1. If the chain between ALA36 and SER175 were fully stretched, how many nm would it gain, using 0.36 nm times the residue separation less the Cα-Cα distance?
2. Measuring from centroid to centroid over Cα atoms, what is the spacing of the stretch 232-303 and the stretch 171-203 in Å?
3. Step through the residues of the stretch 260-276 one at a time and calculate ³J(HN,Hα) from phi using the Karplus curve (6.51 cos²θ - 1.76 cosθ + 1.60, θ = phi - 60°), rounding each to whole Hz and writing x for Gly and Pro.
4. Could you tell me which of the pairs LYS125/LYS167; LYS233/LYS297; LYS34/LYS116; LYS188/LYS233 are separated by over 32 angstrom between their Cα atoms in the structure shown?
5. Take each of the peptides 126-134, 24-32, 236-244, 187-195, average the number of other beta-carbon atoms within 10 Å over its residues, and list them starting from the highest.
6. Tell me, what is the percent relative contact order of the stretch 13-127, built from C-alpha pairs under 8 Å that lie six or more residues apart?
7. What number, rounded to the nearest 500 deg cm²/dmol, is the helix-based mean residue ellipticity at 222 nm of the chain, given -39500 (n - 2.57) per DSSP H run of at least four residues and division by all its residues?
8. Below 8 Å, C-alpha to C-alpha, sequence gap of six or more: please give me the relative contact order for the chain in percent.
Amino acid sequence: MTTAPEATTYRLIDGKQTAEAIKEEIAAEVQALKAAGHKVPHLAAVLVGHDGGSETYVRNKVLACERVGFESTLIRYEDDITEAELLARVEALNQDTRIDGFIVQLPLPRHISAEKVIEAIRPEKDVDGFHPMNIGRMVAGLPALLPATPSGIVELLRRYELPTDGKHCVIIGRSNIVGTPVSILLAKNLDPGNCTVTLCHSHTQNLAEISRTADILVAALGRPEFVRADMVKPGAVVIDVGTTRVEDATKKSGYALKGDVCFEEVAPLTSYITPVPGGVGPMTIAMLLQNTLKAAKGEVYAR
Ligand code: GUN
């Protein structure tokens with residue numbers, strides 16, 4: 001006889017509210033910096049082309065800067081900008097002492113190498129934490145600018161006081177931006193941390209069998225509603241990193257944001273779950289602001 005998984009009363013992990021609290025803390029620090037006669041942190045964002053998702057992300061990043069009292073600069077290019085032109089702009093931002101940190105929004109057009117662009121960013125200004133120097137320092141456990149989405153996930157686990165020590169964390173998706181760095185951070189001898197981590201990807205066999213053993217399940221593969229009830233252990237903590245736009249005529253915008261988790265089916269099984277939108281997304285922006293503050297204070301590689 002098979003028994004249906006037990007339903008529990010779940011709690012939402014409210015990333016929007018948590019990000020607001022972090023932004024308030026940052027705004028207070030900016031006021032203190034100003035009062036002490038320092039300049040306010042300045043974030044620049046480079047946006048190439050007109051991808052709808054990227055436009056929204058970058059607009060939200062700029063708005064968040066205003067909210068905490070940072071200066072911000074948005075630099076826009078059409079998608080026919082050459083790689084050499086973009087690399088020259090990156091170098092100008094590296095040299096510009098008014099700018100504390102900057103990001104180049106991904107994805108970039110196919111004729112531009114994202115790797116080359118990321119490697120051209122001065123690590124001290126790489127507030128996305130994508131430069132190999134920052135990734136290497138993160139792996140080695142040295143002070144670094146950490147990638148925003150992974151540190152947003154860790155921060156949610158911390159602020160909700162969800163136990164991680166000795167827990168099995170299964171991550172679905174091995175991207176450089178989310179899956180791989182989350183696997184590194186949660187395996188570290190830190191709090192939150194000390195997880196036993198399994199990193200799953202498109203070549204993983206018996207995925208549902210593995211994900212059903214997760215105490216903490218992180219879905220970061222970018223396929224809407226991929227995680228279904230049969231992939232989740234009752235009582236698990238589920239972190240949904242997906243934000244795919246799917247057509248929805250009932251919405252004014254014409255689309256809805258869908259996570260990688262089928263929320264209606266999975267939420268009742270979980271102890272805690274992040275919604276989409278309002279879960280991990282706002283945390284990414286809050287952590288980007290935190291990185292910019294660190295960069296502005298020259299604290300990045302401080303011990
Ligand atoms: N594209 C999707 N997520 C991100 C991010 O965190 N930073 C940048 N620069 N591009 C992205």
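1. Fully extending the segment from ALA36 to SER175 adds 46.0 nm.
2. Centre-to-centre distance over Cα atoms comes out at 16 Å.
3. 7, 10, 6, 4, 4, 6, 8, 3, x, 7, 8, 8, 9, 8, 8, x, 10
4. LYS125/LYS167; LYS233/LYS297; LYS34/LYS116
5. Numbers: 126-134: 23.4, 24-32: 14.9, 236-244: 25.4, 187-195: 16.4.
The peptides rank, most packed first, as 236-244, 126-134, 187-195, 24-32.
6. Details: 133 pairs, mean separation 33.2, N = 115.
It comes to 29 percent, rounded to a whole number.
7. When only DSSP H runs of four or more count, the value is -11500 deg cm²/dmol.
8. It comes to 22 percent, rounded to a whole number.
Only the coordinates and a few stated rules stand behind these numbers; no lab work does. From a predicted model like this one, the values you see are computed outputs, not experimental measurements. In this analysis, Cβ positions are derived from the backbone assuming ideal geometry, glycine residues included, and neighbour counts consider all displayed protein chains.
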